[in-house]
Every structure is written in C-alpha cells, then in structure tokens.
Amino acid sequence: MRISCKILASALWAGVLLGFPGCVTAPWPPHVSKQQALKNSQVETSPFWWGVSTSAYQTEDRGETKGNPMYFRTDWDMYIDRGDAPKRGNATYSYTQFDKDIALLKQIGVNHYRFGIEWARVEPRPWVWDESAIQHYVEVARKVRAAGIEPIVCLWHFTFPDWLTDFKHPNRSHWLYPGIDDHWQAYVTKMVAALKPYVRIYAPQNEPNGMLPLSYLGAAWPPVALLDTTGYNRALRVSVRQFREAAAIIKAQRPDSLVMSVQAIAWWKRSFLWDPTALVYNTMRRIAYDHLDRIQDVCDLIGFNYYYSQNATVGDFFYAGRGEKSENYTQMGWTIDPESLYNLIMDVRHRYLKPMVITENGIGTLNEQKKIKYLRDHVNQMRRAMADGADIRGYFAWTLVDNYEWHEGYKANFGLAVMDPHNGNRQLEPSGEFYHNLIQRYGNLREINQ
C-alpha cells in the first residue's frame, strides 16, 4: 500500500533541508546496452497479468494468543502500543479465513495475486521458526494456484519482527540491526525453499524507497528516527544489499523464477518558478529511483506503484494529504492524475529498458462511481503507453477488501469489496464488478497491442 502523502511530506522535506549526499543533482539512469535490452524483452510472462495486491499486516488477523509459544509482535504493533497509530484488531481475517479471499479473487477473475509473508509470524523470536505458519503460507500459495491464479509472494511489506526493533536505538533497528544479513538470508532461504513447489514469482521488498525516508528522516514510521541522514544512507545500502541477496537465493532455489521490484513512484512535476535550482524536484526523483537504480540489474521485471502526481515545491508538501476536498482528490488527499501514469510509464521504460508491471494502483473513496472512473482512466493510460511501445506485462489493483491503512486505520476505502465485521463475509462492490468486466473485455492486452 502506498504511504500517505501527508506523512511522507515531512520526511522528504527533512531530507531536502539537510541536503543529504547527491540530492541536488538528477539521478542518472543506469547504462543498459542494446544487447541487454533485447535480452530483457525476452522474459516470458504470457498472458497479461490482471491482478490484485494485498499485504499481510493490513489484512491478517493474529491467529495466535498471548501465552502461545509462537505468539509474535511486529514493530508496527509496538508503534500502535505507543499510541502512534490506530489499533488494527483483526483486520480482514485473511489469516484464518483466507478461503473467502480466494473465492473473491475467483469472482473478480484475476489471473495473478500478490500477497505478503509476515516475517514476525514465521520467526517470532531469533532463530525460532513457526513451522505451522510457514506451512500456512505454503497452503495459501497452493490454494491460489489450484484456483487457476498465479501467486506472487512479497517477502517483506514494511513490518519487521519486534526483536529487530528498538525505538530507543533506531541506529540498531531494522536494517541497521547487528547481524541483520544473517537473519534476512535465513528467513528468505527458508520461505523460498518451502514455497518453491507453488511460487515462481517473487517481490523481495515492498516500497523500501517509500519507507526509508519516513523511518530515518521524518520519524513518521518505526524505528522513528528524526533527520538521521547517516542512518538513512546506511539503511538504504543495507536494503539494496538484502534485495540483491534475496534475488540470488530465489534464483538458486528455483532457476525459472522471476524477480520483481515493487517501488513507490509518484509523478513529480517541476516548478521553474518555485524550485528554480530543481533542488526539490531532483530530491524527489532521487528518492524515487536511487534504490531501484541499484537493484534493477537483478530484476526480471520492474514493478512500481502509482497513485498520484504532485508538484515538487515546498508549499505543496505542506498542503498535501488534506482529504477528499474535491472530485480530483482521494480520501488520502492525493491528486487524481491518470495522464501522469502514462508519463511515468514512459519514464521508467526509457530508464531501464525492461518489462514493467504496475504493481499497485487504486483510490481511497466511498464513491464507487469515482473509483470506477479512476480504474478505467488509469487502465486507459496504461493501454495508451502500450500502444506507444511500452512493454507492460501486468496491472494490479489495490486492493481486495477495505483494510487497515497504517496511520489512517480503517478510514481509507481502497477495496474492490467490503467485509461484514460480524462474520468476515466479503461483498463485491460495483468497482469490483467493473474490474471483473474490464478483465473479461481486455483479456490478453499484449496480444491486442501486437
């Protein structure tokens, strides 16, 4: 799930004020030879991926009670206990009632489904593994595949086990925890080994470029570090290294696997009047691409999440994220700008010369007609880009059911369906019906555009 523009603003502008290394100059794209570009295009992914994306923490109920040897907590649970975020409760019961999610996926008609693994659930204490939890995720992947849907597994979606977190010492938490590489490699190896009979496609990390500034510059996410540019840059290097380590483990375990990035990328608009030196604009571009530039060579597919565009000016940061103030805004206060998705696709295309996947796209709103229009307009801009030569292999809506949205709690309505809190039953919304019809209408978009 894309991080709120409102809380992202504080973190990003903190980075601008400090001018962390390299933020003034534009991020130069990696060099890709013509031979490599040709090889990249030959990755086989047919047919076109129509999907839905979810995350473990935002949907799963706990499934374990205090006193159970495998009881676990995440860093976000600790954050909630501090009073810094709304309580989560049982989310959408997607751990104990996952069959209801599968039924909903089949009703929508997607052919791919991206879901996450909760690291804390799998390893509740250092080097203590919950084999029943591991087998649960294996069973989820098996059932998804049995339903005729390709599972895509995200190994890390924002949350860390509590034992990797120390709010008093952010410089020893998360990516900066002593010995983190050993723990990460063991976790990835164990999960990929268990899942490999059913899972071919992996996203090692979700939006690391979005979380890093919030965690180490803006004190808006665990481990709540403020203006720690040293910690930011160290954590960036570690998260890059760990993505690359995960890609190597995945390829070793299953040589036919596909590795995909999931990056947070808004479309930033430069103002020559309010940002004449391009300081803000280049900083936003660096935060968008610095992590991806360092991992793109181990990715078979460049996946990115798009929700909004924003002017790269100081003033816009302070006015961002102020709710659904007009038809052109979402509940999160994000500007609705489908044409900028086209611009972003073409930018990513020329930057990496690799097949692309839109790994998240969606809108928080209670207005179903507005949600339908958002989906239709963004898919049309994707089709426009494909007609202009962009090699797009898939589109994933965010998300399956209205769920927990971090600092917003349950106040943002991104779901294609709603859940009855009394029994966990799901009901497809008009937007879900629209997405079903859209998938039926367009089918294999790659064939249509060839």
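The values are calculated or read from the model by the stated rules, or taken from the named source; none is laboratory data. What you see is a predicted model; the values in this text were computed from it and never measured. Cβ coordinates were reconstructed from backbone atoms using ideal geometry, including for glycine residues, and neighbour counts include every protein chain displayed.
Can you find a residue that is touching a Leu at 6+ places or on another chain (Cβ under 9 Å), at pLDDT 95 or above, closer than 24 Å to Ala412 by Cβ and not β-branched (Val, Ile, Thr) anywhere in segment 60-78?
Yes.
Would you mind stating whether Val238 is surrounded by fewer than 24 Cβ atoms within 10 Å (Cβ to Cβ), β-branched (Val, Ile, Thr) and closer than 22 Å to Glu60 by Cβ?
The answer is no for Val238.
May I ask you to verify whether Gly409 is of a type in the set (Gly, Ala, Ser), touching a Pro at 6+ places or on another chain (Cβ under 9 Å), surrounded by fewer than 18 Cβ atoms within 10 Å (Cβ to Cβ) and under 28 Å from Tyr79 (Cα atoms)?
Spelling it out, Gly409 is indeed of a type in the set (Gly, Ala, Ser), touching a Pro at 6+ places or on another chain (Cβ under 9 Å), surrounded by fewer than 18 Cβ atoms within 10 Å (Cβ to Cβ) and under 28 Å from Tyr79 (Cα atoms).
Looking at Ile180, Ile149, which is the one that is within 18 Å of Thr54 (Cα to Cα) and of a type in the set (Val, Ile, Thr)?
Numbers: Ile180 fails: within 18 Å of Thr54 (Cα to Cα).
The match here is Ile149.
Regarding Val192, is this residue in a strand (DSSP E or B), hydrophobic (A, V, I, L, M, F, W, C) and touching a helix residue (DSSP H, G or I) at 6+ places or on another chain (Cβ under 8 Å)?
So Val192 does not fit the description; no.
Search segment 248-281 for residues being at pLDDT 95 or above and in a helix (DSSP H, G or I), and hand back the single one that is nearest to the chain's Cα centre (by Cα).
Among those residues, the one meeting the criterion is Ile250.
What are the residues in segment 148-180 that are of a type in the set (Asp, Glu) and either in contact with a helix residue (DSSP H, G or I) (Cβ under 7 Å, 6 or more places away or on another chain) or assigned to a loop (DSSP other than H, G, I, E, B) (or both), if any? If you could, list the steps in order and put the result at the bottom.
Taking segment 148-180 first, the residues of a type in the set (Asp, Glu) are 150, 162, 166.
Hits for segment 148-180 are Asp162, Asp166.
Hand me the list of helices (runs of 4 or more DSSP H) wholly inside segment 364-450 holding 3 or more residues that are over 30 Å from Arg322 (Cβ atoms) and modelled with pLDDT of 95 or more.
On the way: elements: 368-387, 430-442, 445-448.
Hits in segment 364-450: 368-387, 430-442.
Report, by residue number, each residue of segment 340-360 that is part of a helix (DSSP H, G or I) and of a type outside the set (Ser, Thr, Tyr).
Leu341, Asn343, Leu344, Ile345, Met346, Asp347, Val348, Arg349, His350, Arg351
So for segment 353-370 (the condition being under 26 Å from Glu60 (Cα atoms), buried (at least 24 other Cβ atoms within 10 Å of the Cβ), touching a helix residue (DSSP H, G or I) at 6+ places or on another chain (Cβ under 9 Å) and not aliphatic (A, V, I, L, M)), does at least one residue qualify?
Within segment 353-370, one or more residues are under 26 Å from Glu60 (Cα atoms), buried (at least 24 other Cβ atoms within 10 Å of the Cβ), touching a helix residue (DSSP H, G or I) at 6+ places or on another chain (Cβ under 9 Å) and not aliphatic (A, V, I, L, M).
Quick check on segment 58-82: of everything there that is among the aromatic types (Phe, Trp, Tyr) and buried (at least 17 other Cβ atoms within 10 Å of the Cβ), which residue is farthest from Cys154 (Cα to Cα)?
Only one residue tops the list, namely Tyr79.
If you go through segment 406-415 one residue at a time, do you hit one that is of a type in the set (D, E, K, R), over 15 Å from Gln58 (Cβ atoms) and touching a residue at least 40 places away in the same chain (Cβ under 8 Å)?
Within segment 406-415 (the criterion being of a type in the set (D, E, K, R), over 15 Å from Gln58 (Cβ atoms) and touching a residue at least 40 places away in the same chain (Cβ under 8 Å)), the answer is no, since none of the residues qualifies.
Looking at (1) surrounded by fewer than 19 Cβ atoms within 10 Å (Cβ to Cβ); (2) without any contact (Cβ under 8 Å) to a residue 40 or more places away in the chain; (3) part of a loop (DSSP other than H, G, I, E, B), which is the one condition that is false for Ser46?
All conditions pass for Ser46, except number (2).
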